[in-house]
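Undergrad: Pasting a structure below so you can have a look.
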Amino acid sequence: MTGITYEDFLDLDYDPAESELVCTFTVHPASDMDMEAAASRVASESSNGTWAELQVDGTITDLSATACGIDGDTVRVAYPEELFELGNMPQVLSCIAGNIMGMKAVDRIRLEDCEWPEGLATSFVGPQFGSAVRNDIFDAGERPITATVPKPKVGLSTDQHVQVGYEAWTGGLDLLKDDENLTDQGFNRFDERLTESLAARDDAQDETGEKKSYLINVTADANTMLERVDRVAEAGCEYVMVDVVTCGWAAVQAVRERCEEHGLAIHAHRAMHAAFDRVETQGVSMRVIAQISRLCGVDQLHTGTADLGKLANEDTVGINEWLYGDLYGMTDVLPMASGGLHPGLVPELVKRVGTNIGVQAGGGVHGHPDGTHAGAKAFRQAVDATVEGTSLEEYAADHPELQVAIDKWGTE
Ligand code: CAP
Ligand code: MG
């Protein structure tokens, strides 16, 4: 009887089958380990191996992954499709981003990218609407859709929150968005906020003749989220918002299923993603988090501002391209640019990431010297000017709100 050892997981001549999931890792081996030894341990621990040589009686299904490529500190690992439970994202991640993240055999390891095979990819439902929301819901034509998040993040009463929404909608923005840490707290209850915001939304629609909607944050335990999704649908909204990283992929998958029953779109906030992707040598890249988000079926996802805003961003452009790209016919995802944006940054943002996006500003709307309504107008004016190819300075000559915003924040 021969045992399964770490060496069995390394074959640099191996050509992965089309059905296999191929993952690319950046690996920094431990000081007592060479790259080949570390790579074989990555493949082993993330599939069917362990630290001891295994003696197995009888025939078992061979579910070994194969470390099939090493190039500098880049390691490619191929995983047989039978290793995975189809449509179960937590199970997939327990393999490819599980124990290996803390293995002593590596000083650092980061899952950089996945090449999803058709069988596994299409076992996930993907988004219902994706970037079609821009025109299906808002009839936005060529322009990005616009959103704002009331600030301060938490602490506004329901009435104050609703009033901010009303001013933003009537100022020209499409979406009011809850902040990531606002759900159902004592100062601003979920049910009351839902009902009152949608009443204000209806008024704003009547007043402007434009479609408006609301991204209400349903994040909670899975059962509570599903109840909230039902209430949002009953109340007549088009979307729910979910903090997808903090609530977990199992819950996102459950919400996606319930949203299909109601025809609701999902706005994905990525709070906590940086715990996984910020350290460039460790964790899981934002690219992979975006892939997981699309497979699990979110319609809109925060992907950063291509470095224009206040938060560190990983490759917004490349991630957005992946979200739009073909994945066996799966619906795409609308990227949301957010975090420190203001009107003056919109032209450069659109230059970097295009117009098939949502643009979201909190401080860059409510921090306008003349308040939220003027701030919303200025933000929308910046979007309209950009899409029609007029410079902000020129457009501001007969759009005073934009002029005030430029005077305050500049155009860089
Ligand atoms: C933006 C924001 C968003 C971030 C999330 C905030 O507010 O509401 O949560 O954009 O980051 O709380 O910071 P401001 P990302 O417009 O006032 O900056 O989009 O990178 O996931
Ligand atoms: Mg926020």
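The values are calculated or read from the model by the stated rules, or taken from the named source; none is laboratory data. Treat the numbers as computed from the prediction; the structure is a model and nothing was measured. Here Cβ is always computed from backbone atoms with ideal geometry, including for glycine, and neighbour counts include all displayed protein chains.
Undergrad: Please work out if D299 is farther than 30 Å from A396 by Cβ, surrounded by 21 or more Cβ atoms within 10 Å (Cβ to Cβ) and in contact with a Ser or Thr (Cβ under 6 Å, 6 or more places away or on another chain).
TA: Against the criterion (farther than 30 Å from A396 by Cβ, surrounded by 21 or more Cβ atoms within 10 Å (Cβ to Cβ) and in contact with a Ser or Thr (Cβ under 6 Å, 6 or more places away or on another chain)), D299 does not qualify.
Undergrad: Let me ask something else about it. Looking only at the stretch 217-231, which residues are surrounded by 16 or more Cβ atoms within 10 Å (Cβ to Cβ) and over 21 Å from the mean Cα position of the chain (by Cα)?
TA: Hit for the stretch 217-231 is R231, nothing else.
Undergrad: Taking V77 and the conditions (1) within 30 Å of the chain's Cα centre (by Cα); (2) surrounded by fewer than 14 Cβ atoms within 10 Å (Cβ to Cβ), which numbered condition does it fall short on, given that it satisfies the others?
TA: Result: V77 passes all but (2).
Undergrad: Follow-up question, since we're still on this one. In the stretch 397-412, which residue that is acidic (D, E) and surrounded by fewer than 19 Cβ atoms within 10 Å (Cβ to Cβ) is farthest from G363 (Cα to Cα)?
TA: D398
Undergrad: Turning to a different aspect of this structure: What helices (runs of 4 or more DSSP H) lie completely within the stretch 317-396 and have 3 or more residues being surrounded by fewer than 23 Cβ atoms within 10 Å (Cβ to Cβ) and touching a residue at least 24 places away in the same chain (Cβ under 8 Å)? Show your work before the answer.
TA: Details: elements: 346-353, 363-366, 372-388, 392-396.
Per the criteria, 346-353, 372-388.
Undergrad: Looking at G329, G340, which is the one that is within 15 Å of ligand 2 (Cβ to nearest atom), modelled with pLDDT of 95 or more and more than 18 Å from R134 (Cα to Cα)?
TA: G340
Undergrad: Going by the conditions given, is T246 of a type in the set (S, T, N, Q) and within 16 Å of ligand 2 (Cβ to nearest atom)?
TA: So T246 fits the description; yes.
Undergrad: Among the residues of the stretch 134-141, are any at positive phi and surrounded by fewer than 23 Cβ atoms within 10 Å (Cβ to Cβ)?
TA: Narrowing the stretch 134-141 to residues at positive phi: 139, 141.
Remaining after also requiring surrounded by fewer than 23 Cβ atoms within 10 Å (Cβ to Cβ): 139, 141.
Yes, because at least one residue in the stretch 134-141 is at positive phi and surrounded by fewer than 23 Cβ atoms within 10 Å (Cβ to Cβ).
Undergrad: Same structure, new question: Which condition number in (1) within 23 Å of Y214 (Cβ to Cβ); (2) touching a helix residue (DSSP H, G or I) at 6+ places or on another chain (Cβ under 9 Å); (3) of a type outside the set (V, I, T) is the one that G354 fails?
TA: (1)
Undergrad: So which residues in the stretch 119-158 are assigned to a helix (DSSP H, G or I), in contact (Cβ under 8 Å) with a residue 24 or more places away in the chain and under 21 Å from W169 (Cβ atoms)?
TA: If the condition is that a residue be assigned to a helix (DSSP H, G or I), in contact (Cβ under 8 Å) with a residue 24 or more places away in the chain and under 21 Å from W169 (Cβ atoms), then V133, R134, T158 are the ones that fit.
Undergrad: Please name all residue pairs, on different chains or six or more residues apart, with Cβ atoms under 8 Å, provided the first residue is in the stretch 82-96 and is assigned by the TED database to the domain that holds D62 and over 13 Å from S293 (Cα atoms) and the second residue is surrounded by fewer than 15 Cβ atoms within 10 Å (Cβ to Cβ) and modelled with pLDDT under 95.
TA: Sorted first by the residue in the stretch 82-96, then by its partner, the pairs are E82/T61.
Undergrad: May I ask you to say which residue of T148, T170, T219, T183 is within 16 Å of ligand 2 (Cβ to nearest atom), in contact with an Asp or Glu (Cβ under 7 Å, 6 or more places away or on another chain) and among the polar types (S, T, N, Q)?
TA: T219
Undergrad: Still on this model: In the stretch 155-191, which residues are of a type in the set (A, V, I, L, M) and within 14 Å of H366 (Cβ to Cβ)?
TA: First pass over the stretch 155-191, keeping only residues of a type in the set (A, V, I, L, M): 156, 162, 164, 168, 173, 175-176, 182.
If the condition is that a residue be of a type in the set (A, V, I, L, M) and within 14 Å of H366 (Cβ to Cβ), then L156, V164, A168, L173, L176 are the ones that fit.
Undergrad: Which residues, counting only those in the stretch 324-374, are more than 12 Å from ligand 1 (Cβ to nearest atom), of a type in the set (S, T, Y) and closer than 19 Å to E314 by Cβ?
TA: Listed by number, the list holds a single entry, Y324.
Undergrad: Tell me, which residue of the stretch 194-210 that is touching a Phe, Trp or Tyr at 6+ places or on another chain (Cβ under 9 Å) and not small (G, A, S) is surrounded by the fewest Cβ atoms within 10 Å (Cβ to Cβ)? Steps first, answer last, please.
TA: Of all residues in the stretch 194-210, those touching a Phe, Trp or Tyr at 6+ places or on another chain (Cβ under 9 Å) come to 194, 197-198, 200-201, 203-205, 207-208, 210.
Checking which are not small (G, A, S) leaves us with 194, 198, 201, 203, 205, 207-208, 210.
Details: L194: 22, L198: 20, R201: 22, D203: 14, Q205: 15, E207: 12, T208: 14, E210: 15.
Out of the qualifying residues, it is E207.
Undergrad: Next question, about the same structure. Take the stretch 274-298 and flag every residue that is more than 24 Å from T122 (Cα to Cα) and within 13 Å of ligand 1 (Cβ to nearest atom).
TA: A274, A275, F276, D277, R278
Undergrad: Being touching a Ser or Thr at 6+ places or on another chain (Cβ under 7 Å) and either without any contact (Cβ under 8 Å) to a residue 40 or more places away in the chain or within 16 Å of ligand 1 (Cβ to nearest atom) (or both) is the requirement here; does T305 meet it?
TA: So T305 passes the test.
Undergrad: Could you give every pair whose Cβ atoms fall below 9 Å, whose first residue belongs to the stretch 1-12 and is β-branched (V, I, T), and whose second residue is surrounded by fewer than 16 Cβ atoms within 10 Å (Cβ to Cβ) and at pLDDT 85 or above, counting only separations of at least 6 or pairs across chains?
TA: Within 9 Å, the pairs are I4/T50.
Undergrad: Any idea which of A265, A271 is touching a residue at least 60 places away in the same chain (Cβ under 8 Å), within 14 Å of the chain's Cα centre (by Cα) and more than 16 Å from ligand 1 (Cβ to nearest atom)?
TA: So the residue among A265, A271 that is touching a residue at least 60 places away in the same chain (Cβ under 8 Å), within 14 Å of the chain's Cα centre (by Cα) and more than 16 Å from ligand 1 (Cβ to nearest atom) is A265.
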